[in-house]
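Scroll down for the structure; my scribbles are underneath it.
The values are calculated or read from the model by the stated rules, or taken from the named source; none is laboratory data. Since the model is a prediction, treat every value here as computed from it, not as a measurement. Glycine gets a Cβ as well: all are built from the backbone with ideal geometry, and neighbour counts include every protein chain shown. Side chains included, ligands, DNA and RNA excluded: accessible areas come from the protein's heavy atoms. Shrake-Rupley method; radii C 1.70, N 1.55, O 1.52, S 1.80 Å.
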Amino acid sequence: MIKALRGMKDFLGDEAQKYAYCVDVCKQLAQNYGFSFCETPLLEETALFKRSVGESSDIVGKEMYQFEDKGGNDVCLRPEGTAGTVRAFLEAKLDRGLANHRFFYYGSMYRYERPQRGRLRQFHQFGVESFGLDDIKEDVNIILLAKSILDFFGIKATLKLNSIGCQSCMPPYKQNLVKFLESTDGLCEDCQRRKNTNPIRVLDCKNEACHELLRPAPRLLNNLCKDCKNDFEELKKLLDKSSIKYEIDTNLVRGLDYYSKTAFEFVSDELGAQGTIIGGGRYDKLVEYLGGKATPAIGFAMGFERLMELVSMPETKRSGYYFGSLGKGAYEVLLGKANKLRLSEKVHLDYQDRSLKAHLKQADKKNALYCVCVGENELASQTLWLKNLETKEEKILRLDEL
Ligand SMILES: [Zn+2]
Ligand SMILES: [Zn+2]
């Protein structure tokens, strides 16, 4: 028997329903906040991710689902959604206009890593990207959307907030940090490596000993330029006004130069260990970096697998119709009726002749609101028998009355 590939799994039954439900809710809320749907290919040129996600990142360094296609092209299954969205934005020349654009996307992403609990090689994300607005109010808009999604599902999560500065305040800070790191002994191997390749990432090392050693490290938040500082203060003020609680986390950093200013995460400890459900922030330089006109941008991404562990499905209400036939000729009448009704309503058309009692039992199992049956009497009088399974009310209707 052929099985699914390692690290890949199917959504079937309840899980498939839950995925569809989560997607529906996210789509609806994103639309309510002014975002429109976009879909980009699963497969892109490897160079796109090397440039955007960064060669020094773990994703590109170790986890790319990369191969050569039959035409000899170096291609890669998308490990995340932002790169493709920015590429699409550029390819449509949307960077040339003055309008701002807001997109949401959802679907599968791929990372070739060792499969373990909560980490699959094919996983699913929902994300939003907003282009063209360098107004801090857009940061608020994005954070509120993320919060609305979590609130809708009743998920308690802590908003962590940081500013990672801009091209005028980040470089001098980085120099200071490197100086500090060079005078600090005992950092772990990862930190030693990052000290040279990507010093900012040392700050989010998960090693306890490193945590202690890094306590006195200089913090960018205390060294922001005037512009970044004003934006951060304004962001906090607007969140306060919206009664959104947050925690400042100066260790919340991004390792790449095109990230700037706002960085945020929603972290939940409902899954045992603390885990990030939503991560986002500004990437004002990425569009330019990928060859476009300078365009400020901000977005977030959310993992569906993690979300689905926290979501419980709402009770399903009775809905739609169950059609059952009792005796010869009844099925044909019901088929015609079902066909018309199905343009707007869910109709379960049963294929077997059963007793009325058996049909009612089936209708209940299908969670239908109405059970409609046709037997000999109804056939003769061109009528239908209908029962509302919630109110238990029964009726005889003319065929054209349904
Ligand atoms: Zn700055
Ligand atoms: Zn470390």
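What are the principal axis extents of the Cα atoms in the range 13-167, in Å, biggest first?
Between the extreme Cα coordinates on each principal axis of the range 13-167 lie 45, 44, 28 Å.
Would you work out if the range 121-161 is rounded, prolate or oblate? Take a ≥ b ≥ c from the square roots of the eigenvalues of the alpha-carbon gyration tensor; rounded if a/c is under 1.5, else prolate when a/b is larger than b/c, oblate otherwise.
Cα axes put the range 121-161 in the oblate bin.
Rolling a 1.4 angstrom probe over the protein chains, ignoring ligands and nucleic acids, what is the accessible area of Lys346 in square angstrom, nearest 10?
120
Starting from one equal scatterer on each C-alpha and no solvent at all, send me the Debye-based log10 I(q)/I(0) for the range 120-262 at q = 0.16, 0.17 Å⁻¹, two decimals.
The calculated log intensity ratios at q = 0.16, 0.17 Å⁻¹ are -0.98, -1.06.
Please state, to two decimals, what the Cα-based radius of gyration of the range 28-88 comes to when divided by 2.2 N^0.38 Å (N = residues).
1.30
Once you have all Cα-Cα distances for the range 91-162, histogram them in 10 Å bins from zero and send the whole-percent values.
14, 32, 36, 16, 1
Out of residues 5 or more away from Lys285 or on other chains, whose amide H comes under 5 Å of its own, with H placed 1.01 Å from N in the peptide plane?
HN-HN under 5 Å from Lys285: empty list.
Tell me, what is a quarter of the convex hull surface for the C-alpha atoms of the chain, in nm² with one decimal? Numbers along the way, then the final one.
Values: hull surface 108.4 nm².
Taking a quarter of the hull surface, the average projection is 27.1 nm².
Rank these by accessible area, largest first, 1.4 Å probe: Ser325, Ser36, Ser243.
Reading off the accessible areas and sorting them downward yields Ser243, Ser36, Ser325.
Output the 0 to 90 degree angle, nearest 10, between the alpha-carbon long axis of helix 136-152 and the longest principal axis computed from the alpha carbons of the chain.
Computed tilt is about 40 degrees.
Name the residue farthest towards the positive end of the dipole of the range 264-324 from the options Met308, Gly279, Gly324, assuming +1 on Cβ of Lys and Arg, -1 on Cβ of Asp and Glu, about the Cα centre.
Toward the positive end, the furthest listed residue is Gly324.
Relative contact order (percent) for the range 315-391, with alpha-carbon contacts under 8 angstrom and 6 or more residues of separation?
Result for the range 315-391 is 40 percent.
Considering every pair of different Cα atoms, what Kirkwood radius, in Å, is found for the range 187-300?
Over the range 187-300, the inverse of the mean reciprocal pair distance is 16.1 Å.
Relative contact order (percent) for the range 202-351, with alpha-carbon contacts under 8 angstrom and 6 or more residues of separation?
Working: 145 pairs, mean separation 19.6, N = 150.
The normalised contact order for the range 202-351 reaches 13 percent.
Just read off the accessible area of Thr391 with the full protein assembly in place, 1.4 Å probe, to the nearest 10 Å².
90
Counting alpha carbon pairs within less than 8 Å and at least 6 residues apart, what relative contact order, in whole percent, applies to the chain? Mind dumping the intermediate values first?
On the way: 669 pairs, mean separation 58.3, N = 402.
Relative contact order, the chain: 14 percent.
Quick one: Karplus J couplings for the range 154-164, per residue in order, coefficients 6.51, -1.76, 1.60, θ = phi - 60°, nearest Hz, x for Gly and Pro?
Once θ is set to phi - 60°, the couplings for the range 154-164 become x, 8, 8, 9, 8, 8, 9, 9, 8, 10, 10 Hz.
Using a simple charge model, +1 on the beta-carbon of Lys and Arg, -1 on the beta-carbon of Asp and Glu, nothing else, what dipole does the chain show about its Cα centre, in debye to the nearest 20?
Its charge dipole is roughly 280 debye.
For the full complex of protein chains and a 1.4 angstrom probe, list Lys366, Lys361 by accessible area with the highest value first. List each step's numbers first, then the result.
On the way: Lys366 95, Lys361 150 Å².
Highest to lowest solvent-accessible surface, that is Lys361, Lys366.
Could you tell me how far the Cα centroid of the range 295-321 sits from the Cα centroid of the range 2-32, in Å?
Centre-to-centre (Cα) distance: 9 Å.
Need one value: the accessible area of Phe264 in square angstrom, 1.4 angstrom probe, rounded to the nearest 10.
Accessible area, nearest 10 Å²: 0 Å².
Quick one: divide the alpha-carbon radius of gyration of the range 251-402 by 2.2 N^0.38 Å and tell me what you get.
After normalising by residue count via 2.2 N^0.38 Å, the value is 1.86.
Relative to the longest principal Cα axis of the chain, at what angle does helix 82-91 sit, 0 to 90 degrees, rounded to 10?
For helix 82-91, the angle is close to 90 degrees.
Return the single residue from Glu247, Glu208, Glu270 with maximal mean-square fluctuation; model: Gaussian network over the chain, springs between Cα atoms under 10 Å.
Between Glu247, Glu208, Glu270, it is Glu208 that shows the largest mean-square fluctuation.
For the range 273-335, report the % of Cα-Cα distances exceeding 21 Å.
64
Grab the alpha carbons of the range 56-137, take their convex hull, and tell me the volume per residue in Å³.
About 152 Å³ per residue, rounded to a whole number.
Across the range 250-259, in residue order, what do the Karplus-derived ³J(HN,Hα) couplings come to in whole Hz, using 6.51 cos²θ - 1.76 cosθ + 1.60 with θ = phi - 60° and x for Gly and Pro?
6, 8, 7, 10, 10, x, 10, 5, 7, 7
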